[in-house]
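K.L.:
One structure is given below, represented as structure tokens, and several questions about it will come after.
The values are calculated or read from the model by the stated rules, or taken from the named source; none is laboratory data. If you're wondering where the values come from, they're calculated on a predicted model, not measured in any experiment. Positions of Cβ are backbone-derived with ideal geometry, glycine not excepted, and every protein chain shown enters the neighbour counts. Heads up: the accessible areas ignore ligands, DNA and RNA and are worked out on the full protein's heavy atoms, side chains in. Shrake-Rupley method; radii C 1.70, N 1.55, O 1.52, S 1.80 Å.
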Amino acid sequence: MNNKDRYIINTNLERLVNNTNYNALRSECIERNMLSQTMASRIESMAQDEITRHKKLFEKITKRGPKAFDTLLNICQQMFPKAYSILKPSSNDHQMHSTHNPQRVRSVSCNVAPKAYSFRGPGDVEDGKMSNLASSTLVEESKHVLQVHPDILPTSFSVKLSDGPTETHPKVMAYPMKSRNRGVAFIVNVITFLKDVHPKRNGADIDGRNLISVFQQLGFVVFYYEDITMGDLKELLVQLKDSEHLSCDCFAFYVLSHGDHRKGSDYIILHDNSILRVEDLLTEFNTVNCTKLIRKPKLFFISICRGDQSDRGLFRLSTNTERDGMIDLKKPIPSNIATYCDMLVCYATVPGFAAHRDTNTGSWFVESMCKIWSQHAHDTDVEILMKLVGEYAATYRTEGSALQTICTEQRGFFKQLYLNPGYYEYPAEL
């Protein structure tokens, strides 16, 4: 929660207490995963009288992550109109919070590159950072501009929040994941291809919505782009690496497209039908080319085919499936740091085999990951999460009996990584 929102709550504490019901607010906070049952019980054990409990509940909400204010707004709008007017004095029933407002998402299908899509709901208030957007419409941002994706309403995947840091293995350290700058997720989703050289990836827009929602719930700043060319990608990566956004705990790069695996290398097809080698992508973020991410965990998710074979081998039968086939910094390298380290690379399938995508629910890889991460990221290490993702994805089958096996590769990824959604050990900067 930013300082402005926290200030609004703290300076109106008495009025908020007088205009809300403790038991109802407590129940809603637990129902919406803003508080755990343990947290609520702890508040009640610390305060004997109801008013003090009520105040401490609001104080706890101010410490529950970047989406806590929006969740509180939504609760008050539905149940406590007077409290809502206190939190949003200039709002009417149709207005949303300017910085962290829930958004109404629409499906995307366009043939012009590049697009960095922003979604705003009706009656949105400008926050000084976003360009003017017409309400309830899909807007294309300026070409080659690095822009944070605004928050959207959670999809069917609701991330459970962490009660605190998870106890790590006594012999394996954990990456620090407790600051307000939790992470950056850079997502490239190629749906259509110029001149229809490759088939449209039907259902891929669903993957985009799910990934944006899950990573935002995990506390990550999200950059999301559809149908970009090689030139667009290179320019955006230059902007990203020059920005202050990489002063974060963790970095995630997610690419979804057609692809292939030839002569030991994996290739990603972009909107202009250009070919990006996965190895070249990883090189962009090694310790030589991206010094801001030295000693920080870097996650790469490659949702492409790696061949055209179908794996025939419980069963979840899916009848609507398609296949996703088809700088030198003048600074010395810090001592004892390898060129490729702290990297975890996750592929949708193994070399030589196809990856599958349901036209109604999105790709198996993304759907499985969003489901598992939403349920277990609050207390489970990322490498274990990916094992669970693989186990879950292995239960899918196409109507032709093909299945899919995800594959992970670690490059100097020697520590545990707990995402700790909703938990912040360090206070926000004043």
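K.L.:
Rounded to the nearest 0.05, what FRET efficiency do residue 42 and residue 291 give with R0 = 60 Å and r taken as the Cβ-Cβ distance? Could you check?
P.N.:
0.90
K.L.:
So how far apart, in nm, are the two label points at residue 391 and residue 279 if each is 7 Å from Cα heading toward Cβ?
P.N.:
Distance between the two pseudo-spin positions: 3.4 nm.
K.L.:
Per the 1.4 Å probe, what fraction of the accessible area of segment 3-87, in percent, lies on carbon and sulfur atoms?
P.N.:
Answer for segment 3-87: carbon and sulfur cover 47 percent of the accessible area.
K.L.:
Then there is this: About its Cα centre, what dipole magnitude does segment 3-87 give when the only charges are +1 on Lys and Arg Cβ and -1 on Asp and Glu Cβ, stated in debye to the nearest 20?
P.N.:
Its charge dipole is roughly 240 debye.
K.L.:
Right, here's the next one. What accessible area per residue comes out for segment 3-87, rounded to a whole number of Å², with a 1.4 Å probe?
P.N.:
49
K.L.:
Keeping all protein chains in position, work out how much accessible area residue 246 exposes to a 1.4 Å probe, and write it in Å² to the nearest 10.
P.N.:
0
K.L.:
Can you tell me the length gained on complete extension of the stretch residue 19 to residue 265, counting 0.36 nm per residue apart and subtracting the Cα distance?
P.N.:
Additional length available on full extension: 82.4 nm.
K.L.:
Quick check: with the 1.4 Å probe, what order do 253, 157 take by accessible area, largest first?
P.N.:
Working: 253 5, 157 25 Å².
Result, largest first: 157, 253.
K.L.:
I'd like the FRET efficiency for residue 158 and residue 178, computed as 1/(1 + (r/R0)^6) with the beta carbon distance as r and R0 of 25 Å, rounded to 0.05.
P.N.:
E between residue 158 and residue 178, to the nearest 0.05, is 0.70.
K.L.:
Take peptides 394-407, 166-179, 210-223 and line them up by average Cβ neighbours within 10 Å, highest first, as a rough protection proxy. Walk me through the numbers on the way to the answer.
P.N.:
On the way: 394-407: 17.5, 166-179: 14.2, 210-223: 24.1.
Per-residue mean Cβ counts within 10 Å order the peptides as 210-223, 394-407, 166-179.
K.L.:
I've got another one for you. With r defined as the distance between the Cβ atoms of residue 384 and residue 244 and R0 fixed at 35 Å, what FRET efficiency is calculated, to the nearest 0.05?
P.N.:
Plugging the Cβ-Cβ distance into 1/(1 + (r/R0)^6) gives 0.65.
K.L.:
When the solvent-accessible surface of protein heavy atoms is calculated with a 1.4 angstrom probe, in what order do 371, 200 fall, highest first?
P.N.:
Greatest to least solvent exposure: 200, 371.
K.L.:
Ordering 63, 88 from largest to smallest accessible area (1.4 angstrom probe), what's the sequence?
P.N.:
63, 88
K.L.:
Give me the one-decimal nm value for the distance between modelled label points at residue 169 and residue 7, 7 Å along each residue's Cα-to-Cβ direction.
P.N.:
4.6
K.L.:
How do the peptides 377-386, 414-423 rank, highest first, by the average count of neighbouring beta carbon atoms within 10 Å per residue? Don't jump to the answer; show the numbers that get you there.
P.N.:
Working: 377-386: 19.5, 414-423: 22.2.
With the highest mean Cβ count within 10 Å placed first, the list reads 414-423, 377-386.
K.L.:
How charged is the neighbourhood of residue 340? Take every other residue with its Cβ under 14 Å from the Cβ of residue 340, and add Lys/Arg as +1 and Asp/Glu as -1.
P.N.:
-1
K.L.:
OK, next. For segment 152-218, which whole percent of the accessible surface, found with a 1.4 angstrom probe, sits on carbon and sulfur atoms?
P.N.:
Looking at segment 152-218 in its full context, I get 55 percent from C and S.
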